[in-house]
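**Q** Below is the structure I would like to discuss, written out as structure tokens.
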Amino acid sequence: MPGSRSPRRVLIAALAAAGTIGLAAAGVAAGNAQAAPAGSAAPAAATTHRVLFDNTKAETAGNADWIISTSQPDPLAQNPSPTKETDWTGALSAWGVALQKAGGYSLNTLPSGKTITYGNSSNPQDLSNFDEFVVDEPNVKLTAAEKTAVMNFVKNGGGLFLISDHNNSDRNNDGCDSPCVINDLLTNNGVDNTDPFGFSVDLLDISTDNPRAISDSSDPVLHGPFGTVTGSILRDGTTFTLKPADNPAVKGLLYRTGYSGNTGAFFVTSSFGSGHVAIWGDSSPVDDGTGQSGNTLYNGWDDPAGTDAALALNATAWLAGSGSGTTTPPTTPPTTPPTTPPTGGCTPGQLLLNPGFESGNTSWSASASVITNASAEPAHSGSYKAWLDGYGTATTNTLSQSVTIPAGCAATFSYWLHIDTAETGSTAYDTLKVQVLNSSGTVLGTIGSYSNVNANSGYAQHTVDLSAYAGQTVTLKFNGVEGSKLQTSFVVDDTALNVS
């Protein structure tokens, strides 16, 4: 909307200055009551259990920090021999470090801006390269292709570990929280939309409870290699409704106080095809209280009211199954990229990192405050976008990303653009140019040109053919130049560089 841009700068500066440090907490090695004691850790295995943690669905939005390490995809780059949870940075670092210390586990993160795939041989973090996929409190819906990928991964033998949070826990303000994301996966995945796992996420916000485990001495999650599970903590979370008529393998392992059977389940396991699924009703139990500066975190991992470490680690071990080689990638996935390049020698895919800006100021080179979630200019989707100019003073803002377009590929660049202005008339006072530059910074072409005259009430998508640049590394650059009087805002979102 038209108006002064200065409040946006003030807001962002205030947020940066107001960061708080997460509460310090001891890791698994400290031996708290519910954490796996050193002597009960799973022994090193001859077969590696390959576990992939997701960070593509706003898992670090708001105060969330659901990552095992800031080093992604490989946490070992931060510390190759961690002994305590603070050796890696993230609210899930205690979980990751415990697995690393146990031996027999290979851990990776699917970084923000990447896409969940299954059967894409060009993606090192493709699900076919892993035995288990952990998705902790996703706040962005999976695309149709990603949902199909996840379902086929489980169907063919993979393990899926889902963690939900309470209703109305929308951390990135895009209108869909983790119960919404997970229920969408269960009902609109393109593989089996008829309650495939036998449970649904309840739309509840339960402020506090200490769910207890059922009595089942043979259950591999309750009595596994990392200890015995007696209970968990629930601190603003939800539960699940079980539907054994839809999937008889569904099983509630922990229940909210006063509940049993098909209602009030807090930790649930199930099977689908050759694979297994587990889901937890709150992210608090796996929060270890330490993470990136600026997040408010709490130590649920070591909370003596539950045996949360043992539950997380035993479930991880069960879902990873026999380890390497568990999953069998499809030969022709229905909606994911093919495993072998087509005749033209090009593997289809989307090449830009952080294309919708939901990871904030990463992967792009941008002028200060351009990538923002400020509410004065709504995003096309999600909560972040790139907002160039809009100050009403002489300003130049830029946004760019370098990318290599493989030889032999057809390439299409697209982006959504919204322009609003306080200018009137047909004179172009403020301009935005979209350009392609070579590695030396020379402009190879201007592929879009806009001004205050092109102001529109909503977003419009623009698409341009970049096939002529195949085989080159180029920089895609948005260059906004504003005059000295009235504001014009150029707002960019949901970019993509698709090759085929």
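The values are calculated or read from the model by the stated rules, or taken from the named source; none is laboratory data. As the structure is a prediction and not an experimental result, all values here were calculated from the model. No Cβ is skipped: glycine too gets one built from the backbone with ideal geometry, and neighbour counts run over all protein chains shown. Just so you know, the surface numbers come from the protein's heavy atoms only, side chains and all, with ligands and any DNA or RNA stripped out. Shrake-Rupley method; radii C 1.70, N 1.55, O 1.52, S 1.80 Å.
**Q** So which residues in region 390-401 are assigned to a strand (DSSP E or B) and surrounded by fewer than 20 Cβ atoms within 10 Å (Cβ to Cβ), if there are any at all? Lay out the reasoning, then the answer.
**A** Taking region 390-401 and keeping what is assigned to a strand (DSSP E or B), we get 395-401.
Scanning region 390-401 gives Thr395, Thr396, Thr398, Ser400.
**Q** Could you grab me the full set of residues in region 152-171 that are in a loop (DSSP other than H, G, I, E, B) and crowded, with 22+ Cβ neighbours inside 10 Å? Give the derivation first.
**A** Of the residues in region 152-171, the ones in a loop (DSSP other than H, G, I, E, B) are 156-158, 164-171.
If the condition is that a residue be in a loop (DSSP other than H, G, I, E, B) and crowded, with 22+ Cβ neighbours inside 10 Å, then Gly158, Ser164, Asp165, His166 are the ones that fit.
**Q** Would you pick out the residues in region 423-442 that are open to solvent by 40 Å² or more (accessible area, probe 1.4 Å), part of a loop (DSSP other than H, G, I, E, B), under 17 Å from Val481 (Cα atoms) and not hydroxyl-bearing (Ser, Thr, Tyr)?
**A** Passing the criteria: only Ala428.
**Q** Step by step: first the residues of region 84-114, then only those that are open to solvent by 30 Å² or more (accessible area, probe 1.4 Å) and in contact with a Gly (Cβ under 8 Å, 6 or more places away or on another chain), then the one that is nearest to Ser283 (Cα to Cα). Which residue is that?
**A** Looking at residues that are open to solvent by 30 Å² or more (accessible area, probe 1.4 Å) and in contact with a Gly (Cβ under 8 Å, 6 or more places away or on another chain), I get Thr89.
**Q** Which residues, counting only those in region 322-357, are closer than 28 Å to Leu99 by Cβ and at pLDDT 90 or above?
**A** At the first step, the residues of region 322-357 found to be closer than 28 Å to Leu99 by Cβ are 322-330, 336, 353-354.
Those that are closer than 28 Å to Leu99 by Cβ and at pLDDT 90 or above: Leu353, Asn354.
**Q** Please verify whether region 402-417 includes one or more residues that are open to solvent by 10 Å² or more (accessible area, probe 1.4 Å), touching a strand residue (DSSP E or B) at 6+ places or on another chain (Cβ under 9 Å), more than 22 Å from Gly349 (Cβ to Cβ) and of a type outside the set (Gly, Ala, Ser).
**A** Taking every residue of region 402-417 in turn, none turns out to be open to solvent by 10 Å² or more (accessible area, probe 1.4 Å), touching a strand residue (DSSP E or B) at 6+ places or on another chain (Cβ under 9 Å), more than 22 Å from Gly349 (Cβ to Cβ) and of a type outside the set (Gly, Ala, Ser).
**Q** Can you tell me which residue within region 459-500, out of those that are aromatic (Phe, Trp, Tyr) and open to solvent by less than 20 Å² (accessible area, probe 1.4 Å), is farthest from Ser367 (Cα to Cα)? Walk me through it before giving the result.
**A** Initially, region 459-500 is screened for residues aromatic (Phe, Trp, Tyr), giving 459, 469, 478, 490.
With open to solvent by less than 20 Å² (accessible area, probe 1.4 Å) added as a condition, the list becomes 478, 490.
On the way: Phe478: 11, Phe490: 13 Å.
My answer is Phe490.
**Q** Restricting to region 81-112, count the residues that are out of contact with any Lys or Arg (no Cβ under 8 Å at 6 or more places or on another chain), among the β-branched types (Val, Ile, Thr) and either without any contact (Cβ under 8 Å) to a residue 60 or more places away in the chain or not in a helix (DSSP H, G or I) (or both).
**A** So the answer is 2.
**Q** In this structure, is Thr148 in a loop (DSSP other than H, G, I, E, B) and either touching a Gly at 6+ places or on another chain (Cβ under 9 Å) or more than 25 Å from Thr347 (Cα to Cα) (or both)?
**A** Values: in a loop (DSSP other than H, G, I, E, B): no; either touching a Gly at 6+ places or on another chain (Cβ under 9 Å) or more than 25 Å from Thr347 (Cα to Cα) (or both): yes.
Answer is no for this residue.
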